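The values are calculated or read from the model by the stated rules, or taken from the named source; none is laboratory data. None of the values given here were measured: they were computed from a predicted structure. Neighbour counts run over all protein chains shown; Cβ positions are idealised from the backbone, glycine included. Surface accessibility is based on the protein's heavy atoms, side chains included, excluding ligands, DNA and RNA. Shrake-Rupley method; radii C 1.70, N 1.55, O 1.52, S 1.80 Å.
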Amino acid sequence: MASTICGWCGDRTHMAMVTEPEQLPGHLAYVYTAAFQCSNEACHRLSIATVSRSGAYGSPKRDMARDGELSWQPTHIPRQEFSDVPEQIANAAVEAHACLAIRACRGAVALARAVLEATAKDKGITSGPLVTKIDEMYERNLIRDITRELAHEIREGGNEIAHGDLADEPMPPEDAEAIVALMDEILEEVYQGPARMLALKKSRLEREQRNAEKKALAQKGA
Ligand SMILES: [Zn+2]
């Protein structure tokens, strides 16, 4: 039994191996593949696991079922919610996460950059490189200082979140993850947080209004 998040139903489930592991021909490494079945009662769909190893399995069936390094097809792509973000920007942000989930790191970073550019533009910040725009968001109290520092830290780390030829840049997954996390944080601070605060405020004002009306009615009746 291997445990993973099923790419079909999205549940964390046990996957039962339903075919013998097949060792693929023509590779320098030892590549094994096998079909597994999701144990979720409502799913039971098949997924394909593949693993590339430097050495052969002693007992392929037993060893592969216990291997924590299997990669799965289909891959589970977490669907992020950006309910208070303008739709176009939110759609690009969801796609940035989808890219990250399949390790399309340059795609993830290109989309995260586009999301940040569009966010700045939406707030009327249109000139200068992206890092300057992020500074400007801080100046205008749209984001916290720590978030601005995070953007600079990513940049100091050698990752040009602002510009550069993506094709020439090394893009390890952890860098792409950091940039997408920065995108999430900025969307949270610019849109999601303020929307939550306004919703709370609105419900408080409505409550106060209802109470005032009740009181006025009661006084009338008295
Ligand atoms: Zn499933």
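Computed values, structure above
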{"quantity": "At R0 = 30 Å, FRET efficiency that the Cβ-Cβ distance of ALA216 and GLU81 yields, to 0.05", "calculated": "0.15"}
{"quantity": "Portion, in percent, of the accessible area of the chain that falls on carbon or sulfur, probe 1.4 Å", "calculated": "51"}
{"quantity": "0 to 90° range, to nearest 10: angle between helix 87-101 axis and the chain longest Cα axis", "calculated": "30"}
{"quantity": "Whole-number accessible area per residue in Å² for the chain, which is evaluated in the context of all protein chains at 1.4 Å", "calculated": "60"}
{"quantity": "In region 59-102, trypsin sites (Lys or Arg not before Pro) in a DSSP loop with at most 12 other beta-carbon atoms within 10 Å", "calculated": "ARG79"}
{"quantity": "0 to 90° range, to nearest 10: angle between helix 173-187 axis and the chain longest Cα axis", "calculated": "20"}
{"quantity": "Relative contact order %, the chain, counting alpha carbon pairs below 8 Å whose residues are six or more apart", "calculated": "14"}
{"quantity": "Difference of contour (0.36 nm per residue) and Cα-Cα distance, ASP11 to ARG144", "calculated": "44.4 nm"}
{"quantity": "Between helix 105-122 and the chain: long-axis angle, C-alpha atoms, 0 to 90°, nearest 10", "calculated": "10"}
